[in-house]
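The values are calculated or read from the model by the stated rules, or taken from the named source; none is laboratory data. Note that this is a predicted model, so its numbers are computed, not measured. Every residue, glycine as well, gets a Cβ built from its backbone with ideal geometry; the counts of neighbours run over all protein chains shown. Heavy atoms of the whole protein, side chains included, go into the accessibility calculation; ligands, DNA and RNA do not. Shrake-Rupley method; radii C 1.70, N 1.55, O 1.52, S 1.80 Å.
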Amino acid sequence: MQAHLVSKEEVLAKLKTDLTGLQVEEASERRKKFGKNELPIEKGRSLGQKILAQFADFLVIILIVSAVISFFVGESLDALLIIAIVIINAIFGLVQESKADKALEALAQMSAPKTKVLRNGKKEFSPASELVPGDIVILETGDSVPADMRLLETTNLEIQEAALTGESVAASKDGDFIANEKTQLADMKNMAFMGTVVTYGRGSGVVVSTGINTEVGKIAHAISTVDTSPTPLQIKLDNLGKKLGLGIIIISVVVFLVGLVRGIATPLELFMTAISLAVAAIPEGLPAVVTIVLALGMTKMSKRNAIIRRLLAVETLGTTTVICSDKTGTLTENEMTVTKAILPSGELDITGVGYSLEGEFHLLTGNDSGLEALLSAGVLCNDSDLVERSGNIEIIGDPTEGGLIVAAAKYNLNKEELTQKYPRHLEIPFDSERKRMSTLHSYDNNLTLFVKGAFDELMKVTDKVLIDGKVVLLTDEMREYFTKKNEEMADSALRVLAFAYKEFDSLPEKLELTDESNLVFLGLMGMIDPPRKEAKDAILQCKTAGIKPKMITGDYAKTALAIGKQIGLADENSKVLTGQDISELDDKELKKLVEEGDIYARVSPMHKVRIVNALKNNGHIVAMTGDGVNDAMALKKADIGISMGITGTDVAKQTADMVLMDDNFASIVGAVEEGR
């Protein structure tokens, strides 16, 4: 059942449940039918099978044969040395494989151990593994979503789905929303998925899928079924082994036959000579030399923030022809930064990157009258905080609100001081229908309501504007001006927030929605997750070295294109392929388009796998970066999977061949250089 396509009433009816939840007996019966809500770990190869697999290489087989022959012809020392080399290489391979097998185990640990569920009309705590389709689950801030659910009731509910969708900003949820067949996973506002986390608000939902049938479960199954291709070095060594083996056999046979025809020695002596020649020609030192060289490469790469988890990946990285990179945190800072302020009296650019408090305000037009009021509104109508840890500034709460606090700090407005000076008394939380948030503050004998939200919604309840310290009526001409500026920032992929205020004569008992009216407009602030300063040079290095960089992100097309232009990956004529576009293409069409397209937006896990497959089918050696559960399949399918070390999930790290310790695209380019 595609629960996101129908109303909540229809979902409840199809699952034969209601808002009071299932009866205990019914839940028990369904558990027998659907099984436990767990991600099964498919039984892998036994230790014996893994050990035997290490000796399946053709060159290794030749070495073993030569060791046996050496022993029988009296060269015991040679035989022991060859066997020692073979065993050391087998141990190396076994250790690497055992590490990679932990990826599915990490996936299984993502489900919540306990959850709040309604049974017999009463709320109780239940192990997440006991949930069945039809259960009604209560979600609150901080909860991990225990199964895939169709949301029923939502109050300011926001869920962080980055690990599943790749989108850095928490997703707002709405139980009344009904999707259509083209709606992508990241846009399913009426769904909550196993393994994601509630960051704000509360809600309830009915379980529609459990265990292996959840979105995370499908990824777990797909990881176990994705075939890992041999690396270019493995293919070369295997071919070399076959050629050497065949050549040695032919030469030994020729030597034996020529000697036999000419009567140089007895047949036994000639046979022993041919065998000795064959053993001498076997390059028993080759695997050891390859291992040592690759190990040295691993050490060099680690100094450039690239930790190699699979020895053969060192050489693969050096032969890479395409790097498919995530946007958020790899090409960008993953820190929302206010870069633009639009006041009724003027326009300003704001410098600085990420959560660094260094930055300046540059006036472009008019004057900066009202800037302090605008920045103060952004800090006071705000539920997030800045903290300093190990010399780094971090955000506790929503990244967008964090960006507002940082912008104010650049103007020497400290949140702690402002909240003490203007204490909050009442508030109306943000919700997806109003698209705004309001907080009431006092200062001396004054009461002020600060409001922030989406420009279009705020304009509906605003009729005045603050210009040069005076409150005047908001004219149609002014509305057109602010609308134009809002559109300009949106077209530049900036996330725009509008701000307003209203004075109160006395402190009410509670705030009503009607209090959000007749507001005084303060201005707009635009923000973006800015590109890393090294990204542009790294992209240029890639192109110069004959490597095609491509951006694959779960973010919106407009945002991806804007970042692509800033880092030199795209220009005015570049086209962005979306997940919906890819869904409408067959494999043959996609194979053609992947050569031209450099930016892919709003993609799902399966889209990423299809892109990687298409590139590999075109003869490319593909490196794929990722940090979330949604990236795991593509990381495994790529010739070399690269996980982020800072923001990467355990699933991504354990599936990848390489872990990037600084999450920086430039470090990948440096590692490719070492690989070559």
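Here are some notes:
- Taken as a whole, the condition of being over 16 Å from residue 552 (Cβ atoms) and either surrounded by fewer than 24 Cβ atoms within 10 Å (Cβ to Cβ) or without any contact (Cβ under 8 Å) to a residue 12 or more places away in the chain (or both) does not apply to residue 597.
- For the stretch 202-242, a residue qualifies if it is assigned to a helix (DSSP H, G or I), open to solvent by 40 Å² or more (accessible area, probe 1.4 Å) and modelled with pLDDT of 85 or more, and the qualifying residues are 212, 213, 215.
- Just so you know, in the stretch 491-530 the residues that are open to solvent by less than 40 Å² (accessible area, probe 1.4 Å) and small (Gly, Ala, Ser) include one that is nearest to the chain's Cα centre (by Cα), and it is 493.
Residue-wise test of (1) within 24 Å of residue 568 (Cβ to Cβ); (2) open to solvent by 10 Å² or more (accessible area, probe 1.4 Å); (3) in contact (Cβ under 8 Å) with a residue 60 or more places away in the chain.
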residue: 618; (1), (2), (3): yes, yes, no
residue: 624; (1), (2), (3): yes, no, yes
residue: 627; (1), (2), (3): yes, yes, yes
residue: 630; (1), (2), (3): no, no, yes
residue: 640; (1), (2), (3): yes, no, yes
residue: 645; (1), (2), (3): no, yes, yes
residue: 654; (1), (2), (3): no, yes, yes
residue: 657; (1), (2), (3): no, yes, yes
residue: 668; (1), (2), (3): yes, no, yes
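- Residue match in the stretch 580-591 (condition: free of Cβ contacts under 8 Å to residues at least 40 places away in the same chain, crowded, with 18+ Cβ neighbours inside 10 Å and of a type in the set (A, V, I, L, M, F, W, C)): yes
- From the list 293, 279, 289, the lone residue that is assigned to a helix (DSSP H, G or I), crowded, with 18+ Cβ neighbours inside 10 Å and at pLDDT below 80 is 279.
- Meets criteria (over 19 Å from residue 137 (Cβ atoms), among the hydrophobic types (A, V, I, L, M, F, W, C), modelled with pLDDT of 70 or more and surrounded by 14 or more Cβ atoms within 10 Å (Cβ to Cβ)) for residue 87: no
- Among the residues examined, residue 359 qualifies as surrounded by fewer than 21 Cβ atoms within 10 Å (Cβ to Cβ) and modelled with pLDDT of 85 or more.
- Residue 476 at pLDDT 90 or above and either within 27 Å of the chain's Cα centre (by Cα) or among the charged types (D, E, K, R) (or both): yes
- Complete set of residues in the stretch 370-403 that are over 19 Å from residue 520 (Cβ atoms), open to solvent by less than 30 Å² (accessible area, probe 1.4 Å) and either assigned to a strand (DSSP E or B) or in contact with a strand residue (DSSP E or B) (Cβ under 7 Å, 6 or more places away or on another chain) (or both): 384, 400, 402, 403
- Residue count for the stretch 119-149, restricted to those that are among the hydroxyl-bearing types (Ser, Thr, Tyr) and under 24 Å from the mean Cα position of the chain (by Cα): 2
- A search for C-beta distances below 6 Å between a residue of the stretch 12-28 that is farther than 14 Å from residue 137 by Cβ and any residue that is charged (D, E, K, R) and modelled with pLDDT under 95, counting only pairs 6+ apart in sequence or on different chains, returns 24/119.
- Scanning the stretch 144-196 for residues that are among the aromatic types (Phe, Trp, Tyr) and in contact with an Asp or Glu (Cβ under 9 Å, 6 or more places away or on another chain) returns a single hit, 193.
- Within the stretch 576-670, helices (runs of 4 or more DSSP H) holding 2 or more residues that are of a type in the set (A, V, I, L, M) and more than 21 Å from residue 335 (Cβ to Cβ): 587-593, 605-617, 632-637
- When residue 34 is tested against (1) touching a Gly at 6+ places or on another chain (Cβ under 9 Å); (2) modelled with pLDDT of 80 or more; (3) open to solvent by less than 80 Å² (accessible area, probe 1.4 Å), exactly one condition is not met: (3).
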